[in-house]
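The values are calculated or read from the model by the stated rules, or taken from the named source; none is laboratory data. Keep in mind that what you see is a predicted model, and the values were worked out from it rather than measured. Cβ atoms come from the backbone with ideal geometry, glycine included; neighbour counts cover every protein chain shown.
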Amino acid sequence: MPEEPAIVILKEKLQVFVGLKVLDADTTTFNILPEHLTDYTLVDIVSHGKQLFLCFDGFSLRIHLLLFGSYTFNSGEKGKLSLSLVFENGTVSFYSSHVKLIKGPLEKLLDFRTDVSSELWDEKYA
């Protein structure tokens, strides 16, 4: 099971896609169609505990790698596909993961004072 440090490392690896449009997408997630993601620009990547958020204008994709989830960059299949995003400089694919569409700002959903990897971490609050 990926722990928070592994999610922070993944967040850093994904920075190469920030500012780029999704050219193509594939997903097996209920209620998210590939055309919902195509032509949107990835504006930010946020981690919170074991969750990763790919942020676009007006919505985010929450990714949790669960117990056996994995990801690949520019390579073949590594399990049951959950989400694949193609950018002009590469592809990222998530397997055996939970993907959820989140509408609205993440600040209303997440309290970064409880995330030890956040600059807003507050030991007394947590």
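With the requirement that a residue be under 20 Å from P105 (Cα atoms) and not aliphatic (A, V, I, L, M), what does segment 18-37 give you?
Of everything in segment 18-37, those that are under 20 Å from P105 (Cα atoms) and not aliphatic (A, V, I, L, M) turn out to be G19, K21, N31, H36.
Which residue pairs have Cβ atoms closer than 8 Å, lie 6 or more positions apart in sequence or on different chains, and pair a first residue in segment 17-37 that is free of Cβ contacts under 8 Å to residues at least 12 places away in the same chain with a second residue that is part of a strand (DSSP E or B) and of a type outside the set (A, V, I, L, M, F, W, C)?
Cβ pairs passing all conditions: L33/T27; P34/D24; P34/D26; P34/T27.
I9 fails exactly one of the following numbered conditions: (1) under 19 Å from K103 (Cα atoms); (2) assigned to a helix (DSSP H, G or I). What is the number of that condition?
It is condition (1) that I9 fails.
Are any residues in segment 31-51 charged (D, E, K, R) and more than 17 Å from L66 (Cβ to Cβ), and if so, which ones?
Those that are charged (D, E, K, R) and more than 17 Å from L66 (Cβ to Cβ): E35, D39, D44.
How many of the residues in segment 1-56 are at pLDDT 95 or above, on the phi > 0 side of the Ramachandran plot and among the small types (G, A, S)?
Count: 1.
If you go through segment 112-122 one residue at a time, do you hit one that is surrounded by fewer than 18 Cβ atoms within 10 Å (Cβ to Cβ), at pLDDT 90 or above and in a loop (DSSP other than H, G, I, E, B)?
no
For segment 22-78, what are the residues that are in a strand (DSSP E or B) and among the small types (G, A, S)?
Listed by number, the residues that qualify are A25, S47, S60, S70.
Output the residues belonging to segment 81-97 that are of a type outside the set (A, V, I, L, M), in contact with a Phe, Trp or Tyr (Cβ under 6 Å, 6 or more places away or on another chain) and without any contact (Cβ under 8 Å) to a residue 60 or more places away in the chain.
S82, F94, S96
Could you tell me whether segment 81-91 includes any residue that is assigned to a loop (DSSP other than H, G, I, E, B) and either more than 14 Å from the chain's Cα centre (by Cα) or not aromatic (F, W, Y) (or both)?
Checked against the condition, which is being assigned to a loop (DSSP other than H, G, I, E, B) and either more than 14 Å from the chain's Cα centre (by Cα) or not aromatic (F, W, Y) (or both), segment 81-91 yields at least one hit.
Evaluate segment 16-30: report whether one residue or more is touching a helix residue (DSSP H, G or I) at 6+ places or on another chain (Cβ under 7 Å), within 17 Å of S70 (Cβ to Cβ), surrounded by 14 or more Cβ atoms within 10 Å (Cβ to Cβ) and not aromatic (F, W, Y).
yes
For segment 60-86, give me each residue that is touching a strand residue (DSSP E or B) at 6+ places or on another chain (Cβ under 7 Å) and among the hydrophobic types (A, V, I, L, M, F, W, C).
Across segment 60-86, the qualifying residues are L61, I63, L66, F73, L81, L83, L85, V86.
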